[in-house]
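Novice: The structure's right below; bear with me while I get my questions together.
The values are calculated or read from the model by the stated rules, or taken from the named source; none is laboratory data. Owing to the predicted nature of the structure, the values given are computational and were not obtained by experimental measurement. FYI the Cβ positions are ideal-geometry reconstructions off the backbone, even for glycines, and counts take in every protein chain you see. SASA here: full protein model, heavy atoms, side chains in, ligands and nucleic acids out. Shrake-Rupley method; radii C 1.70, N 1.55, O 1.52, S 1.80 Å.
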Amino acid sequence: MEPIVLASVDELTITTLVDNVTDILLGDEGPARRPVIGSGPRVAAPVLDLGEAFGALRAEHGFAALVTLRRGGREHRILFDTGITPDGLVENMRRLELDPRDVEAIVLSHGHFDHVGGMQGLVRELGSANVPVVIHPAAWSRRRLALPGRQPVEIAAPSRGALEGAGFAIVERREPSFLLDGALLVTGEVDRTTPFEQGLAPSHQACRHGAWEPDPLVLDDQALVADVRGRGLVVLTGCGHAGIVNTLRYVQRLTGRERLHAVVGGFHLNGPRFEPLIEPTCDAFAALAPDYLVPTHCTGWRATHALAARFPAAFLQNAVGTRFEFTAADDA
């Protein structure tokens, strides 16, 4: 594979807007910056003696992050995923005093409901959006969960017609693509090479040619990549359905760069099907040697604890509102 030339950036900040966990007692740690207790807007609460309460950040099963990139004196903002509910993303942005109108593009990691549901709130906030949405063509697929002994449950997917009707410009890509003049890389479809990352159970199905069939690979799964000058690659995943190790190795092959500065996002190691993958995943991380590991969303508590125990110097705890600031090396 001929390496893709990825331009280095001076600073990359990833702000968690939607995640499964919130914790106002976390303090700053390394590149992780936390909201100060009492910051942000208040909400009316007449039953309290002060007449108001903190407008606390919401946690929900889903993921969304604001990626802020600085290069050559210019700053850009990209939204990666939008969470599960129509209101969670925009409400957390309001409480973090972030304006959705500053977002220049949206990248959807895949079409699952817990990563695209917040698009509805953005439509309400933005009106006529006129913002590009980068998406894999398989993300439009109708999908369902057909668990043994239960009625199948269809899971919502984004509607191309509705998004285009709201003014979003759809950018479909299976292959890798660039944003911001080569400073951000969207992986597109990820090669599957590891023997242990086999995807979802057959109960996860997609409707193709009018019939339901197993959809274990979730081929629309893609990641976002930047290179922080003098530090290495920062990789952001939604659920990592392609396998977090597959994804990282693919990114290294795509860019021709080995050094991983940070891996942030869902690693999908939760539940009985995926917990046996925790040990080989930790072994792979030992060889990949990222400076920072930030498991989120669907990683699961057993995997999160295993990563924290195995890599105490690299592990960073995530929570809604946490801001991870990755800056260029002074001598680079």
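Novice: Can you give me the number of residues within the range 259-289 that are farther than 14 Å from Val245 by Cβ and open to solvent by less than 10 Å² (accessible area, probe 1.4 Å)?
Specialist: The total comes to 2.
Novice: Across the range 200-228, which residue is nearest to Ala7 (Cα to Cα) among those that are open to solvent by less than 10 Å² (accessible area, probe 1.4 Å) and in a loop (DSSP other than H, G, I, E, B)?
Specialist: Ala223
Novice: Within the set of pairs 6 or more residues apart or between chains, which connect a residue that is without any contact (Cβ under 8 Å) to a residue 40 or more places away in the chain inside the range 71-92 to a residue that is open to solvent by 60 Å² or more (accessible area, probe 1.4 Å) with Cβ atoms less than 8 Å apart?
Specialist: Sorted first by the residue in the range 71-92, then by its partner, the pairs are Arg77/Asp102; Arg77/Glu104; Pro86/Gln120; Pro86/Arg124; Val90/Arg124; Val90/Glu125; Glu91/Arg58.
Novice: Now a separate question. Over 19 Å from Val225 (Cβ atoms), open to solvent by less than 70 Å² (accessible area, probe 1.4 Å), of a type in the set (S, T, N, Q) and out of contact with any Phe, Trp or Tyr (no Cβ under 6 Å at 6 or more places or on another chain): does that describe Thr68? Full working, then the answer.
Specialist: Details: over 19 Å from Val225 (Cβ atoms): no; open to solvent by less than 70 Å² (accessible area, probe 1.4 Å): yes; of a type in the set (S, T, N, Q): yes; out of contact with any Phe, Trp or Tyr (no Cβ under 6 Å at 6 or more places or on another chain): yes.
When the stated conditions are applied, Thr68 does not pass them.
Novice: When you check Leu108 against the structure, is it open to solvent by less than 70 Å² (accessible area, probe 1.4 Å) and out of contact with any His (no Cβ under 7 Å at 6 or more places or on another chain), yes or no? Spell out the reasoning first.
Specialist: On the way: open to solvent by less than 70 Å² (accessible area, probe 1.4 Å): yes; out of contact with any His (no Cβ under 7 Å at 6 or more places or on another chain): no.
Judged against the criteria, Leu108 is not a match.
Novice: Return yes when Gly55 is touching a Pro at 6+ places or on another chain (Cβ under 8 Å), modelled with pLDDT under 95 and either surrounded by 12 or more Cβ atoms within 10 Å (Cβ to Cβ) or not aliphatic (A, V, I, L, M) (or both) and no when it is not.
Specialist: Details: touching a Pro at 6+ places or on another chain (Cβ under 8 Å): yes; modelled with pLDDT under 95: yes; either surrounded by 12 or more Cβ atoms within 10 Å (Cβ to Cβ) or not aliphatic (A, V, I, L, M) (or both): yes.
It is true that Gly55 is touching a Pro at 6+ places or on another chain (Cβ under 8 Å), modelled with pLDDT under 95 and either surrounded by 12 or more Cβ atoms within 10 Å (Cβ to Cβ) or not aliphatic (A, V, I, L, M) (or both).
Novice: Give the residues of the range 290-332 that are open to solvent by less than 60 Å² (accessible area, probe 1.4 Å), out of contact with any helix residue (DSSP H, G or I) (no Cβ under 6 Å at 6 or more places or on another chain), farther than 27 Å from Arg58 by Cβ and without any contact (Cβ under 8 Å) to a residue 60 or more places away in the chain, sorted by residue number.
Specialist: Across the range 290-332, the qualifying residues are Pro290, Phe311, Ala314.
Here is a yes/no grid of residues against (1) closer than 22 Å to Tyr292 by Cα; (2) within 19 Å of the chain's Cα centre (by Cα):
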residue	(1), (2)
Leu180	no, yes
Leu185	yes, yes
Arg192	no, no
Ala201	no, no
Cys207	no, no
Trp212	no, no
Leu217	no, yes
Val225	yes, yes
Arg231	yes, no
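Novice: Check the range 114-122 and report whether any residue there is part of a strand (DSSP E or B), closer than 16 Å to Phe168 by Cα and under 18 Å from the mean Cα position of the chain (by Cα). Before the answer, list the steps.
Specialist: Start the filter on the range 114-122 by keeping residues that are part of a strand (DSSP E or B), which leaves none.
No, there is no match, as no residue in the range 114-122 is part of a strand (DSSP E or B), closer than 16 Å to Phe168 by Cα and under 18 Å from the mean Cα position of the chain (by Cα).
Novice: Next question. Among the numbered criteria (1) out of contact with any His (no Cβ under 6 Å at 6 or more places or on another chain); (2) open to solvent by less than 30 Å² (accessible area, probe 1.4 Å); (3) outside any loop (DSSP other than H, G, I, E, B), which single criterion is violated by Gly83?
Specialist: (3)
Novice: Also: Quick check on the range 111-126: of everything there that is among the aliphatic types (A, V, I, L, M) and buried (at least 20 other Cβ atoms within 10 Å of the Cβ), which residue is nearest to Trp140 (Cα to Cα)?
Specialist: Of the residues in the range 111-126, the ones among the aliphatic types (A, V, I, L, M) are 116, 119, 122-123, 126.
Imposing the further condition that a residue be buried (at least 20 other Cβ atoms within 10 Å of the Cβ) reduces the set to 116, 119, 122.
Values: Val116: 11, Met119: 14, Leu122: 19 Å.
This residue is Val116.
Novice: Let me ask you something else. Note down all Cβ pairs under 7 Å where the first residue falls in the range 148-169 and is more than 16 Å from Gly111 (Cα to Cα), the second is part of a strand (DSSP E or B) and open to solvent by 60 Å² or more (accessible area, probe 1.4 Å), and they're at least six residues apart or on different chains.
Specialist: Pro152/Leu145
Novice: Please verify whether Arg231 is within 27 Å of Leu66 (Cβ to Cβ), open to solvent by 60 Å² or more (accessible area, probe 1.4 Å) and in contact (Cβ under 8 Å) with a residue 24 or more places away in the chain, treating the condition exactly as stated. Before you say what the answer is, go through the steps one by one.
Specialist: Working: within 27 Å of Leu66 (Cβ to Cβ): yes; open to solvent by 60 Å² or more (accessible area, probe 1.4 Å): yes; in contact (Cβ under 8 Å) with a residue 24 or more places away in the chain: yes.
Against the criterion (within 27 Å of Leu66 (Cβ to Cβ), open to solvent by 60 Å² or more (accessible area, probe 1.4 Å) and in contact (Cβ under 8 Å) with a residue 24 or more places away in the chain), Arg231 qualifies.
Novice: Residue by residue through the range 1-41, note down the ones that are open to solvent by 60 Å² or more (accessible area, probe 1.4 Å), over 17 Å from Leu98 (Cβ atoms) and either without any contact (Cβ under 8 Å) to a residue 24 or more places away in the chain or not charged (D, E, K, R) (or both).
Specialist: Within the range 1-41, Met1, Glu2, Pro3, Val5, Val21, Ile24, Leu25, Asp28, Ile37 qualify.
Novice: Considering (1) farther than 26 Å from Leu233 by Cα; (2) not in a loop (DSSP other than H, G, I, E, B), say which one Glu60 fails and leave the rest.
Specialist: Only one criterion is unmet by Glu60, namely (2).
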